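The values are calculated or read from the model by the stated rules, or taken from the named source; none is laboratory data. No experiment lies behind these values; they were computed from the predicted model shown. Methodologically, a virtual Cβ is constructed for each residue, glycine included, from the backbone with ideal geometry; neighbour enumeration extends over all protein chains shown. Surface areas here come from the heavy atoms of the whole protein model, side chains and all, with no ligands, DNA or RNA. Shrake-Rupley method; radii C 1.70, N 1.55, O 1.52, S 1.80 Å.
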Amino acid sequence: MADRSKIVELHKEMTDWRRDLHAHPETAFEEHRTSDFIAGKLEEFGIEVVRGLAGTGLVGVLKSNGRSGKAIGLRADMDALHIDEQTNLPYSSKTPGKMHACGHDGHVTMLLGAAKYLSKTRDFDGTAYFIFQPAEENEGGAKVMVEEGLFEKFQMDSVYGMHNWPGMPIGQIGTRPGPVMAAFDIFEIKITGKGSHAAMPHQSIDAVVIACMVVSSLQTVASRVVDTRDPVVVSVTQIHAGDTWNVIPEEAVIRGTVRTFNAKVQDLSEETIRKIAKGVCAAHGAECDIRYERRYPPTINTEQETVNTAKVAEKLVGAENVRKDMRVCMGSEDFAYMLQKRPGSYIWLGAGDCGGNLHNPNYDFNDEILPLGASYWAELVEDLLPESVN
Ligand SMILES: [Zn+2]
Ligand SMILES: [Zn+2]
């Protein structure tokens, strides 16, 4: 069992790291300072560092003294978001328009804390890979790392991920086997009508009115097309059209996202969105251009590895605080790409009150959970790579 007190001793130091990272947020594939920060710490702990995967991504390699050929990967994401921070904290973002509003600053810190502890204790037999991944938000840094040979360069048997979870009490850990996070697709519908004077609408093909009809009709994908027993989300998140009061614009653009858990529902959703957009536009004489992109696959935990993580979680917080039947989340995770290549499991770590939910400008990672997160990683390594008893 990992010596929790030694990890608790790192709490102040971890808090300082976390706040430093928080003050210096960097977005997708531009995490240069963050990457240097991590590499510097790992080197200081005597851990081998391999840099340059997916640009700013890096992997720390810690081998035990034993001979076991076993190896596991622990992954933390390190990017921030395009949000203007509103916390007014002393360590709030120094970069206008960028902010750690998803707690990846905390994820990096917890993994570094575990790395520091494990580099000193080495009470395991095998290899622990500390994977620091860029561009989790939107851009799929995990995919790029996988494509650039993450699992060929570093032979690991299984891989693990974690996310802090605001609103879930501190001291609770949640997981489930099978699907945990949804697939993430995006779509863009460009409607081209005919512009006119706003006072003479009969001379137009009104892209605004047509766009509104498309948005309304898209609500039927979830409510009337996909089997109600299958989870699906279709959210329109942008509508752009027009510049002034008295002109009916020529063009309207609708953008949004689709979340699903299986290929059948994903195919049906895409097909229906295309059909609705084309059909509504055709009915009113407008042109319609549709772009549909599949971004992240669903995140799917494998059975045995989830049993393992739940066991580790129980050791740390007691069986009564491990929620093994967490409901699926319609959010998405590019850790999914790693789980496509290796068995593994993703957990949610209760973060209590964070001032706001994930991606909110008032959110701040809860430093109280740093030792628990680091302990989880350390315990996972000691548990899955046990020292042989002679
Ligand atoms: Zn996020
Ligand atoms: Zn996140």
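Miscellaneous remarks
- Difference of contour (0.36 nm per residue) and Cα-Cα distance, THR95 to ARG255: 54.9 nm
- Ordering PHE37, VAL208, PRO361 by Cα displacement along the dipole of the chain toward the positive end leaves VAL208 in first place; charges were set at the Cβ atoms of Lys, Arg (+1) and Asp, Glu (-1).
- The trypsin sites (Lys or Arg not before Pro) of the range 252-346 that DSSP puts in a loop, and whose beta carbon has at most 15 other beta carbons within 10 Å, are ARG327.
- Entries in LYS70/LYS116; LYS70/LYS98; LYS153/LYS324; LYS190/LYS264; LYS98/LYS143 that, when Cα-Cα distance is taken, lie over 29 Å: LYS70/LYS98; LYS153/LYS324
- For the range 214-274, a Kirkwood radius taken over Cα pairs fed into Stokes-Einstein (20 °C, viscosity 1.002 mPa s) yields D = 166 µm²/s.
- A cut-off under 14 angstrom between Cβ atoms defines the neighbours of ILE47, and their net charge, with Lys, Arg +1 and Asp, Glu -1, is +3.
- If the segment from ASP289 to SER388 were pulled out straight at 0.36 nm per residue, it would be longer than the present Cα-Cα gap by 29.5 nm.
- At least 15 Å along the helix axis (C-alpha) and Kyte average at least 0.0, DSSP helices within the chain: 207-220, 370-384
- Expected-Rg normalisation [2.2 N^0.38 Å, Cα atoms] applied to the chain: 1.11
- Charges were assigned to the Cβ only: +1 to each Lys and Arg, -1 to each Asp and Glu. The resulting dipole of the chain about its Cα centre is roughly 680 debye.
- The modelled label-to-label distance between GLN219 and LYS324, using points 7 Å beyond Cα along the C-beta direction, is 4.1 nm.
- Centroid-to-centroid separation of the range 32-61 and the range 283-354 [C-alpha atoms, Å]: 26 Å
- Within the full protein context, the accessible area of ILE210 is estimated at about 10 Å² for a probe radius of 1.4 Å.
- With the charge dipole of the range 21-174 set up from +1 on Lys and Arg Cβ and -1 on Asp and Glu Cβ about the Cα centre, the Cα lying farthest toward the positive end among the listed residues ILE131, GLY66, HIS22 is that of GLY66.
- Expressed per residue, the C-alpha convex hull volume of the range 1-115 stands at 117 Å³.
- For the chain, calculated [θ]222 nm from helices alone, where every DSSP H run of n ≥ 4 adds -39500 (n - 2.57): -10500 deg cm²/dmol
- For the range 11-128, a crude dipole built from +1 on the beta carbon of Lys and Arg and -1 on the beta carbon of Asp and Glu, taken about the Cα centre, is about 480 debye to the nearest 20.
- The charge dipole of the range 36-191, taken about its Cα centre with unit charges on the Cβ of Lys, Arg, Asp and Glu (plus for the first two, minus for the last two), comes to roughly 540 debye.
- Ligands, DNA and RNA are left out, and with a 1.4 angstrom probe the accessible area of the range 7-88 is 43 Å² per residue.
- The modelled label-to-label distance for the pair ASN357/GLU147, using points 7 Å beyond Cα in the direction of Cβ, is 3.2 nm.
- Heavy-atom surface analysis with a 1.4 Å probe gives the range 69-161 a carbon and sulfur content of 44 percent of its accessible area.
- Nonlocal amide H pairs with GLY331, under 5 Å, H built at 1.01 Å: ALA182
- Of the residues GLY256, GLY279, ILE290, the one whose Cα sits farthest toward the positive end of the charge dipole of the range 249-294, with +1 on the Cβ of Lys and Arg and -1 on the Cβ of Asp and Glu, is GLY256.
- Per residue accessible area in Å² of the range 154-257, where ligands, DNA and RNA are left out and the probe is 1.4 Å: 47 Å²
- Cα-based values for the range 222-322, radius of gyration first and Dmax second, are 21.1, 67 Å.
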